[in-house]
Amino acid sequence: MIPVVASLGVSARGEFLNINADDLAAALAVALGADRLLYLTESGGVWDAEKKLLPVVRVGDIRRMIKEGWCATG
């Protein structure tokens, strides 16, 4: 199953809200108990300090990558 959803929400006053799509995708993956989460990005993925594309990024490695300073945006 591959869910495709719009990252929109509605406030208590009926206003439409633009929800961060990355946050929505992660929350949805957790709620569905997904084994994997795939992002289709303009940049092509996550790049390491030597500018090599990482084919897999494990959740446990993300904090280290941010702390080391080479993974900071997007």
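Coordinate-derived values only; no laboratory data. As the structure is a computational prediction, the values presented were derived from the model and not from experiment. Neighbour counts are summed over all protein chains in view; Cβ atoms, including those assigned to glycine, are modelled from backbone coordinates with ideal geometry.
Think of it as helices only: each DSSP H run of n ≥ 4 in the chain is worth -39500 (n - 2.57), and spread over all residues that comes to -8500 deg cm²/dmol at 222 nm.
What you get for the chain, charging only the Cβ of Lys and Arg (+1) and of Asp and Glu (-1), is a dipole of about 160 debye around the Cα centre. When the trypsin sites (Lys or Arg not before Pro) in the chain are filtered for DSSP coil states and for at most 16 other beta-carbon atoms within 10 Å of their beta-carbon, the remaining sites are Arg13, Arg36, Lys51, Lys52, Arg58. The alpha carbon convex hull volume per residue for the chain rounds to 131 Å³.
Chymotrypsin sites (Phe, Trp or Tyr not before Pro), restricted to region 20-74: which are DSSP loop and have at most 14 other Cβ atoms within 10 Å? Write out the running numbers ahead of the final one.
Values: sites: Tyr39, Trp47, Trp70; in loops: Tyr39, Trp70.
Filter output for region 20-74: Tyr39, Trp70.
Taken along the Cα-to-beta-carbon direction at a fixed 7 Å, the label points for Asp35 and Glu15 span 4.2 nm.
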